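Values quoted throughout were computed directly from the atomic coordinates according to the rules given, and no laboratory measurement underlies them. All values derive from a computational prediction rather than experimental measurement. Heads up, the Cβs are rebuilt from the backbone with ideal geometry, glycines too, and the neighbour counts pull from every protein chain shown.
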Amino acid sequence: MAEKEFEAMKKVADANFTLDKINLDFVADLVYNSLSFEKRDITRNDVYNIISDKLVDLDEKIIKVTLNHRKAFMFLLNLITKNEELTESKLKDCHAILMDDNGGLYRNVDISIHGSTHTPPSHLKVYTRMKQYFDVLLTPSENPLEKIAYSHLQLAKIHPFLDGNGRLSRLILNYYMLKAGLAPVIIPSNEKEKYFSFLEDYKVKKIQKPFIDYLITLENQTINKYFK
């Protein structure tokens, strides 16, 4: 079933989406929604003005985190344009762009996540888990939607960095959407509880299907809103 759903999605994307249709409005909404998961004091208009390189009267940290998010997305978009694989090293590079000076290094402490019943693996296991993660991603799959979902869900589950894991995993999701020939998606921050429930389903029960179904819905919404 998932293969037929993917082929249907691919057909619609082929008919409507091209990389050159990714414009400032889409990037502004992408960045704004991702940052809004962290309750940052910023509006969508602020984000648009920042990434448009307009002068804004905002805290420098807010400006930097917004610009870094745009740069990280463009970094991944450049990999797609050059048909380059996302390697573990490039994922760390993307995180370094996202987080500026504090990025690109796996955590060296154990952590817990507020509101989740799942505890990420010990920092002693992060390197092994990330190697396994990329072993799966670099292995050909007959089910593209499962691989796309895995790229996001498993990275969120490992939580390899001290900060920025949510933002990074949503960007990585879009790298694999684009790599599969689909349009990138925006996970709306106003659907936070629904989204987090899908993450929890995977982290605790290893269930992917609710998130895959959600991706199908998001893809349709994205195509209709931004790329038709």
In the range 207-220, is there at least one residue being free of Cβ contacts under 8 Å to residues at least 60 places away in the same chain and of a type in the set (Ser, Thr, Tyr)?
yes
Exactly one of 195, 133 is under 16 Å from the mean Cα position of the chain (by Cα), farther than 22 Å from residue 36 by Cα and of a type in the set (Phe, Trp, Tyr), and that one is 133
How many residues of the range 61-112 are among the aliphatic types (A, V, I, L, M), crowded, with 16+ Cβ neighbours inside 10 Å and closer than 21 Å to residue 151 by Cα? The answer is 11
When every residue in the range 24-49 that is of a type in the set (S, T, N, Q) and in a helix (DSSP H, G or I) is compared, the one surrounded by the fewest Cβ atoms within 10 Å (Cβ to Cβ) is 45
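Restricting attention to the range 86-139, which residues are among the aliphatic types (A, V, I, L, M), assigned to a helix (DSSP H, G or I) and within 26 Å of residue 66 (Cα to Cα)? Quick ask: steps written out before the conclusion?
Of the residues in the range 86-139, the ones among the aliphatic types (A, V, I, L, M) are 86, 91, 96-99, 105, 109, 111, 113, 124, 126, 130, 136-138.
Filter once more, keeping what is assigned to a helix (DSSP H, G or I): 91, 96-99, 124, 126, 130, 136-137.
Those that are among the aliphatic types (A, V, I, L, M), assigned to a helix (DSSP H, G or I) and within 26 Å of residue 66 (Cα to Cα): 91, 96, 97, 98, 99.
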Apart from one, (1) touching a residue at least 24 places away in the same chain (Cβ under 8 Å); (2) assigned to a helix (DSSP H, G or I); (3) of a type outside the set (D, E, K, R) all hold for residue 67; the odd one out is (1)
Exactly one of 166, 115, 103 is on the phi > 0 side of the Ramachandran plot and in contact (Cβ under 8 Å) with a residue 60 or more places away in the chain, and that one is 115
Take residue 82 and decide whether it is under 17 Å from residue 180 (Cα atoms) and among the basic types (Lys, Arg).
yes
Here the qualifying pairs (Cβ atoms under 9 Å; residues six or more apart or on different chains; first in the range 125-143 and farther than 15 Å from residue 176 by Cα; second of a type in the set (Asp, Glu) and assigned to a helix (DSSP H, G or I)) come out as 130/88; 131/88
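Looking only at the range 6-23, which residues are surrounded by fewer than 17 Cβ atoms within 10 Å (Cβ to Cβ) and under 22 Å from residue 169 (Cβ atoms)? So that I can check it myself, show each step before the final result.
In the first step, residues of the range 6-23 are kept if they are surrounded by fewer than 17 Cβ atoms within 10 Å (Cβ to Cβ); the result is 7-8, 10-11, 14-16, 18-21, 23.
Of everything in the range 6-23, just one residue is surrounded by fewer than 17 Cβ atoms within 10 Å (Cβ to Cβ) and under 22 Å from residue 169 (Cβ atoms), namely 19.
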